[in-house]
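Presented below is the structure to which this report refers.
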């Protein structure tokens with residue numbers, strides 16, 4: 001067992017950190033106040049290769065592994081959650097689902113431009129009446145000749161108004177034997193006729209990001225854009241969450257670190273009762289909790305990254321990593337405000353933004369209550385992983401970094 | 001073009017220098033590629049991109065300095081060489097320039113050698129010019145722009161940043177160019193570069209490999225480093241009922257302290 005990061009991982013970490021700290025941190029407060037996403041963010045992340053970090057070079061990516069993806073997410077969210085959200089939906093939900101489930105033609109058409117950062121992807125599952133209860137979603141996809149006609153509305157979709165493609169799950173069978181069997185997944189071109197999108201304003205957090213809705217009215221999607229088989233949508237959606245939740249977990253570790261760093265700096269500087277508040281034991285207790293929570297969150301996500309590299313199913317571990325880190329990041333942000341006192345309550349300091357941003361991640365990608373149920377299911381032996389028709393491929397550096405030949409053909 | 005860029009591994013600029021028992025210490029500060037050298041690496045890469053050729057990054061330092069060379073490789077340098085020898089451990093700039101010049105001579109016909117203006121730890125600003133002198137090449141320092149470079153005619157024109165303004169200097173190649181931060185904005189390492197750098201085997205040249213035998217003793221030694229005297233600060237309020245009385249009390253105190 002080796003807990004150290006090698007030179008490749010360290011350099012990835014440093015590179016993403018420098019980008020986020022230099023190019024985003026100085027302006028993020030301004031965009032957060034404006035409730036707009038900086039137009040620079042997506043093109044820069046694309047140009048630097050961050051949007052394709054963990055895809056094979058032959059599929060337009062950078063050929064790095066799942067741990068690199070996690071490290072990048074940590075660094076991004078240490079500056080602002082909205083940066084990591086981009087990774088969750090573009091890389092996690094959309095890109096990695098194409099890597100896992102896509103045919104060679106679909107990977108050529110959709111994954112390559114996503115991995116190169118030329119196109120942006122998102123994941124569209126939630127609706128106004130279906131979040132955690134995915135199997136209950138109402139958007140329909142009806143076969144019409146060789147196409148499908150999609151109708152419905154998706155809500156709370158990150159990058160809805162920015163993305164070119166969405167991995168979207170819709171109902172193809174209104175009366176299936178089991179509810180979950182009635183769903184299918186599609187790669188929907190969001191520039192198609194019948195698609196309208198918009199942003200949701202007035203959110204508690206992630207205000208410098210884009211969260212919105214996608215409305216579909218008789219949107220024609222060719223059969224070739226169906227990901228997986230008809231009726232496989234529930235499984236595809238769940239496996240998309242295994243990817244997305246990993247990025248959320250790693251990002252939340254970065255948010256805890258940001259709370260810790262802000263609190264340590266402030267506690268050394270601010271004096272009360274004739275000494276820096278860092279000397280007060282109750283302030284120390286808060287800082288100690290943040291420090292240990294950061295370590296735990298990091299160990300959990302790195303273990304998941306390692307499992308993904310090995311090609312081992314990680315639904316249980318990813319659930320724990322996501323739930324622990326997001327709960328802990330909310331607590332760390334709240335405690336960071338306590339350390340900052342009244343100043344922490346003002347947006348002159350960063351920690352109030354951290355608190356607002358932390359709350360969302362306890363809701364999306366499976367509420368933390370749902371994660372308790374998932375974990376209990378595994379712990380009680382009521383839930384086991386069934387083999388999927390297509391598993392996420394393990395990370396194999398040679399193949400990932402080969403210039404030609406897709407991942408599937410080489411197997 | 002054959003381009004060489006000399007880099008040094010230094011403590012992070014955020015690190016604090018302390019003096020413990022007359023010896024300077026950076027504590028356990030992270031070691032980084034000298035920030036000035038990032039501009040030199042960037043300029044070397046831009047020169048290659050504009051005129052073709054290859055960029056060799058070279059560093060004098062301990063084994064750990066490989067990490068800084070890897071950073072240069074990750075940014076896009078084609079190869080890296082570490083000059084490392086116990087006899088060179090306490091090199092002053094004269095000895096460092098002797099070692100670097102000897103190593104540069106072993107490279108097949110370089111056209112240009114880039115340096116950052118200074119290293120943030122020793123801050124002498126002379127290693128580049130000393131290397132130029134040893135090679136017998138022109139030294140162009142404080143360079144803020146390269147206005148013209150003609151590899152065929154072997155000429156270069158640079159803008160030097162002086163206090164009074166900018167000076168245009170034309171020189172034949174090969175030459176040694178030390179750059180200031182106004183020259184460019186260093187790029188981040190690319191992921192492709194990172195992958196390449198993390199696998200790179202960096203050759204180590206010893207003093208005998210570069211023909212520096214016997215290794216001269218450094219001319220300079222640092223027998224003691226003295227920390228600046230810590231200024232004691234205190235705050236005192238002068239009082240008085242009216243502004244005039246307050247001013248009078250302040251003047252009295254300042255005279256007492258022999259400050260006016």
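Nothing in this text is a laboratory measurement; each read-out follows from the coordinates by a stated rule. A quick note: this is a predicted structure, and the numbers were derived from the prediction, not measured. As a convention, Cβ positions derive from the backbone with ideal geometry for all residues, glycine included, and neighbour counts pool all protein chains shown.
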- Item | Percent of C-alpha pairs per 20 Å bin, the protein assembly as shown, short to long | 16, 41, 31, 11, 1
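Using only alpha carbon pairs under 8 Å that are at least six residues apart, calculate the relative contact order of region A:235-379 and give it in whole percent.
Here the relative contact order equals 31 percent.
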- Over region A:265-309, consider all pairs of different Cα atoms and compute the Kirkwood hydrodynamic radius from their mean reciprocal separation; express it in Å, one decimal. 12.3 Å
- Item | Relative contact order of region A:122-234, pairs being alpha-carbon contacts under 8 Å that are 6 or more residues apart, as % | 32 percent
- Note on the structure: Put in order of increasing Cβ neighbours within 10 Å, starting from the fewest, A:384, A:140 give A:384, A:140
- Exposure proxy check on A:245, A:383, B:195: fewest-to-most Cβ neighbours within 10 Å is A:383, B:195, A:245
- Note on the structure: Only helices counted: for chain A, with every DSSP H run of 4 or more residues adding -39500 (n - 2.57) and the sum spread over all residues, [θ] at 222 nm is -13500 deg cm²/dmol
- Note on the structure: Check: C-alpha center region A:279-304 vs C-alpha center region B:168-203, spacing in Å is 39 Å
- Message: For the pair residue B:247/residue A:220, report the inter-label distance in nm, with labels modelled 7 Å from Cα in the Cβ direction.
- Response: 8.7 nm
- Query: Could you state the number of Å between the C-alpha centres of region A:208-276 and region B:82-105?
  - Reply: 50 Å
- Relative contact order of region B:2-205 (C-alpha contacts under 8 Å, at least 6 apart) in percent is 25 percent
- Task: Let me know the Rg and Dmax you get for region A:122-234 when you use only its Cα atoms, in Å.
- Result: 13.6, 44
- Note on the structure: Of all DSSP beta bridges with both partners in the protein assembly as shown, the antiparallel percent, nearest 5, is 65 percent
- Task: With everything on Cα atoms, drop me the angle between helix A:66-77 and the longest principal axis of chain A, reported from 0 to 90° to the nearest 10.
- Result: 50 degrees
- Ranked A:87, B:75, criterion: other C-beta atoms within 10 Å, fewest first: B:75, A:87
- Note on the structure: Asserting the computed 222 nm helical MRE of chain B (DSSP H runs at least 4 long, -39500 (n - 2.57) per run, divided by residue count, to nearest 500) equals -8500 deg cm²/dmol
- Item | region B:106-191 - Rg over Rh from alpha carbon coordinates, Kirkwood radius | 0.98
